[in-house]
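The structure appears below as C-alpha cells.
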Amino acid sequence: MQITINEIAELKRLAYYRYKSRVLLKQQRQCTRNEDHKTAQKLAGEIAAYNLAIQDIRRTIDSIENDVSRSILRMRYEFCLDWKTIGKEMGYCRESAIRLHRKAVDEYEDIRLHSLYNVTEA
C-alpha cells in the first residue's frame, strides 16, 4: 500500500495541535486573570476542539497492534524526534526506522479507513 499524503499530514498535525492547545491555554489563563471571561470561554471552546483532534489521532495510534509501529509513530509525531534518534531508541539504523515508519503509516491508514467504513455502515 502506498503512503498517502493525507495520513502523513494528519499525523504531523498532532504536534501542531498539542502546541496550539498549549498556546491557547496560556492565553486563556491570561484572559481569566484579566477577568475577560467572554474571551476565556471562546478560547476554552478552541482548546476543546484541538484536544478532541489530539485524542482522535492518539486513539488511532493506540489501536495499532504492532508495538514497533505504534512506538515509531509516537516518537515521530508526538515527541517530534528525528529519524536518527528514533532508530537509536528502537535499536535500528536510521534507514530501518524510516522503512518501519512507512509500514506504520500504512497500518495507521488501514485503521482510519476501517473506522470510516464502520461509521458509514452503521
Filtering region 71-103 down to residues that are under 13 Å from the mean Cα position of the chain (by Cα) and within 12 Å of LEU11 (Cβ to Cβ) yields ILE72, LEU73, ARG74, MET75, ARG76, TYR77, GLU78, CYS80
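Would a scan of region 82-96 turn up a residue that is out of contact with any Gly (no Cβ under 6 Å at 6 or more places or on another chain), of a type in the set (A, V, I, L, M, F, W, C) and closer than 20 Å to ASN6 by Cα? I'd like the intermediate steps shown before the answer.
Kept after step one, since they are out of contact with any Gly (no Cβ under 6 Å at 6 or more places or on another chain), are these residues of region 82-96: 82-92, 95-96.
Keeping just the survivors that are of a type in the set (A, V, I, L, M, F, W, C) gives 83, 86, 90.
Applying the additional criterion that residues be closer than 20 Å to ASN6 by Cα yields none.
No, there is no match, as no residue in region 82-96 is out of contact with any Gly (no Cβ under 6 Å at 6 or more places or on another chain), of a type in the set (A, V, I, L, M, F, W, C) and closer than 20 Å to ASN6 by Cα.
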Find the residue count for region 7-38, including only residues that are open to solvent by 50 Å² or more (accessible area, probe 1.4 Å), touching a Cys at 6+ places or on another chain (Cβ under 9 Å) and either in contact (Cβ under 8 Å) with a residue 12 or more places away in the chain or charged (D, E, K, R) (or both).
1
Determine the pairs where a residue that is open to solvent by 80 Å² or more (accessible area, probe 1.4 Å), located within region 100-118, has a partner that is of a type in the set (A, V, I, L, M, F, W, C) with Cβ atoms under 9 Å apart, the partner being 6 or more residues away or on another chain.
ARG102/ILE3; LYS103/VAL68; LYS103/ILE72
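Among the residues in region 56-69, are any outside any loop (DSSP other than H, G, I, E, B), open to solvent by 90 Å² or more (accessible area, probe 1.4 Å) and within 19 Å of SER115 (Cβ to Cβ)?
yes
Quick one: in region 70-81, of everything that is of a type in the set (A, V, I, L, M) and over 13 Å from GLU7 (Cβ atoms), which residue is surrounded by the most Cβ atoms within 10 Å (Cβ to Cβ)? Can you show your working first?
Initial filter on region 70-81 (of a type in the set (A, V, I, L, M)): 72-73, 75, 81.
In the following step, the residues that additionally are over 13 Å from GLU7 (Cβ atoms) were identified as 72, 75, 81.
Working: ILE72: 28, MET75: 20, LEU81: 17.
The qualifying residue surrounded by the most Cβ atoms within 10 Å (Cβ to Cβ) is ILE72.
The values are calculated or read from the model by the stated rules, or taken from the named source; none is laboratory data. Because the structure is a prediction, the values reported are computed rather than measured. Using ideal geometry, Cβ is built from the backbone for each residue, glycine included, and neighbour counts are taken over all protein chains shown. The area values use the complete protein model at the heavy-atom level, side chains included, leaving out ligands, DNA and RNA. Shrake-Rupley method; radii C 1.70, N 1.55, O 1.52, S 1.80 Å.
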